[in-house]
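All remarks here apply to the structure that follows.
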Amino acid sequence: MRFLRQSLTGLFLMSMTLGLLAYAGYTVFSAVQERLTKEPRVAERRERVFAVNVITATPQQITPELTVFGEVQSRRSLEIRAKAGGTLVELADAFEEGGQVRAGQVLARVDPADSQSALDRAASDVSDAQAETRDAQRGLDLARDELGAADAQAELQDRAFKRQQDLEARGVGTAAAVEVAELAAAQARATVLARRQALATAEARVDQAATGLSRAIISQKEAQRRLDDTTILAGFTGSLSDVTVVEGGLISANEKMATLIDPAALEVAFRVSTPQFARLLDPKGVLLSAPVRVTLEAFGVNLQATGIVTRASAAVGEGQTGRLVFARLDAAQGLKPGDFVTVRIDEPPLENIVRLPAAALGADGSVLALSGEDRIEAIPVTLLRRQGDDILVRSAALAGREVITQRSPLLGAGIKVRPLRHTEGVAETPAPEMLELSADRRARLIAYVEGNTDMPDALKTRLLAKLEQDRVPARMVQRLETRMGG
């Protein structure tokens, strides 16, 4: 019985196990069949909307600004050189680096002893030549008088000879008397010829004396000029630079002593590319007198000057490219020759131009504008200029459209966006950072500015005015402390 009961129990458990395995297989098979035959369910997705900054494109007349770098130089400069060699016996008090001189002022004087002696000798030669001229003229007058007397004597002898001939014809005179009278007349004519020769000699002497006097006067003027060359004068009012001589020094002829610069006649020279230069020409190919603005940034204070374009270089220098252009500056206070400045030139104005941020332009030459449903539309534009962080473009389809100011790889044609509109379109430039200085720090900066001899007076005045304010630009303070070494 026990064996039968255990056998039935085992058979029951095996049957239950097989039934459960069959049910499990059926369940898996049914699930797989249902999954294979069931249609896929797609989850509902919402369209992603990007927030973008937009501005309204307004065509207008815009004057492009060309920005380059140039060097300030003087339109009038003169190398002061010694015309005569010798010892410098006199130097003007202003004959020093940066000295201010006036037109016609005596700058230096070379020892004039030798030149003065040469002038005295030339003056003595002129006196001798004048005396010789007077003596020759007196001799000429005497020769003329002697010729007149000889002519009268010859005429008298001729009349005596004719009278003897007449007497002989009437039988009163003798042949011997006629011969004597004829001989006397011949001698008188010979005397006239001799006096004429003497007159010609006297005239030649007068001419030689006049020539000698002219040569003596020329020598005197040359000696006077050499004496004048020992005195060096200022050609115009200006400042001295590159002074290389001292009083008592020995200099040679044509040695450079200094350079005279006119600080009131400044110009700026800057190089532009050939396409940029072409934009500065009028339809006839003549360089425009375009206005320029020059800026020198120093210690946080910008020195500015204005001017106009005057000329361009006649040829491209060896190893150079582009064109070298010159602009005359007006009232360039604080600027000195050699300053490296920023030059901004106003080009001819352009019509129907839209100013946009540079980030709005794509690599394909198009900008993204909004359609009626706030969806993006790509509009091709023509890029005319780049102005710092802005661009100047032209497109007939862009007028009045709202343009995205910043491109992104996520943005493209047809994408819906949420526009963020700004009244000004472009963010304003943040104000410069200001600092409140302590009394000690302010005093150190003021003392440094007042004691700096390299700064122009106009720049010192501006810096001191800013340092006396309650809040001082941090950038200016940083530059001053960098120069101070602190």
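Jot down the radius of gyration and Dmax of the chain, Cα atoms only, both in angstrom.
So, for the chain, Rg and Dmax equal 53.9, 236 Å respectively.
Long-range amide H contacts for ASP390: which residues qualify at under 5 Å (H placed 1.01 Å from N, peptide plane, sequence gap of 5 or more or a different chain)?
Excluding prolines and chain starts, which carry no amide H, the hits are ALA358.
Restricting things to alpha carbons, tell me how big the stretch 87-205 is in terms of Rg and Dmax, in Å.
33.6, 110
As an exercise, take the mean of 1/r over every pair of distinct alpha carbons in the stretch 265-346, invert it, and state the Kirkwood radius in angstroms. Before the final figure, lay out each step's value.
Numbers: mean 1/r = 0.0743 Å⁻¹.
Value: 13.5 Å, from the Cα pair sum.
Based on other C-beta atoms within 10 Å, arrange GLU132, GLU34, GLU297, GLU373 from fewest to most.
GLU373, GLU34, GLU297, GLU132
7 Å from Cα along Cα→Cβ at both THR201 and ASP128: what's the point-to-point distance in nm?
Spacing of the two 7 Å Cα→Cβ label points: 2.3 nm.
With just the Cα atoms defining each centre, how far is the stretch 230-253 from the stretch 335-374? Give it in Å.
What the calculation gives is 51 Å, centre to centre.
Compute the distance in nm between two label points, each set 7 Å from the Cα along the Cα-to-Cβ direction, one at ARG442 and one at GLN478.
About 2.2 nm separates the two model spin labels.
Tell me, what ³J(HN,Hα) does each residue in the stretch 221-231 have, in order and in whole Hz, if you take phi through Karplus 6.51 cos²θ - 1.76 cosθ + 1.60 with θ = phi - 60° and put x for Gly and Pro?
Going residue by residue, I get 5, 5, 5, 5, 5, 5, 5, 5, 5, 6, 10 Hz, with x marking Gly and Pro.
Given H placed 1.01 Å from N in the peptide plane, which residues other than close sequence neighbours of MET257 have an amide H under 5 Å from its amide H?
Amide H neighbours of MET257, under 5 Å, 5+ apart: ILE80, ARG81, ALA82.
Could you give each residue of the stretch 95-101 its phi-based ³J(HN,Hα) in whole Hz, using Karplus coefficients 6.51, -1.76, 1.60 with θ = phi - 60°, and x for Gly or Pro?
Values per residue, Gly and Pro as x: 7, 7, 4, x, x, 9, 10 Hz.
Report the Cα centroid-to-centroid distance between the stretch 52-119 and the stretch 188-229 in angstrom, as an integer.
50
For LYS221, list the lysines whose Cα falls under 20 Å from its own Cα; do not include residues on the same chain fewer than 8 positions away.
LYS221 reaches LYS83.
Per the Cauchy relation, a quarter of the hull surface: what is the mean projected area of the convex hull of the alpha carbons in the stretch 350-421, in nm²?
For the Cα atoms of the stretch 350-421, the hull's average projected area reads 4.8 nm².
Projected onto the charge dipole of the stretch 108-168 (+1 at Lys/Arg Cβ, -1 at Asp/Glu Cβ, origin at the Cα centre), which of LEU167, THR133, ALA154 gives the Cα projection farthest towards the positive end?
Ranked along the dipole, the leading option is LEU167.
Direction-averaged shadow area of the convex hull around the Cα atoms of the stretch 249-302, nm²? Could the numbers behind the result be given before it?
Values: hull surface 34.7 nm².
The number I arrive at for the stretch 249-302 is 8.7 nm².
What ranking do ARG421, ARG109 get, fewest neighbouring Cβ atoms within 10 angstrom at the top?
Going from sparsest to densest Cβ surroundings: ARG421, ARG109.
So if I restrict to the alpha-carbon atoms in the stretch 434-484, what is the Rg, and what is Dmax, the biggest pairwise distance, in Å?
10.1, 27
Amide H neighbours of GLY173 under 5 Å, at least 5 residues apart or on other chains, H built in the peptide plane: list them.
GLU168
What are the ³J(HN,Hα) values, in whole Hz, obtained from phi via the Karplus relation 6.51 cos²θ - 1.76 cosθ + 1.60 with θ = phi - 60°, for each residue of the stretch 71-78 in sequence order, with x given for Gly and Pro?
So the Karplus estimates, Gly and Pro as x, are 10, 7, 8, 8, 6, 10, 9, 9 Hz.
Throughout, read-outs are computed from the coordinates displayed, never taken from laboratory work. As the structure is a prediction and not an experimental result, all values here were calculated from the model. Note: ideal-geometry Cβ built from the backbone for every residue, glycine included; neighbour counts use all protein chains shown.
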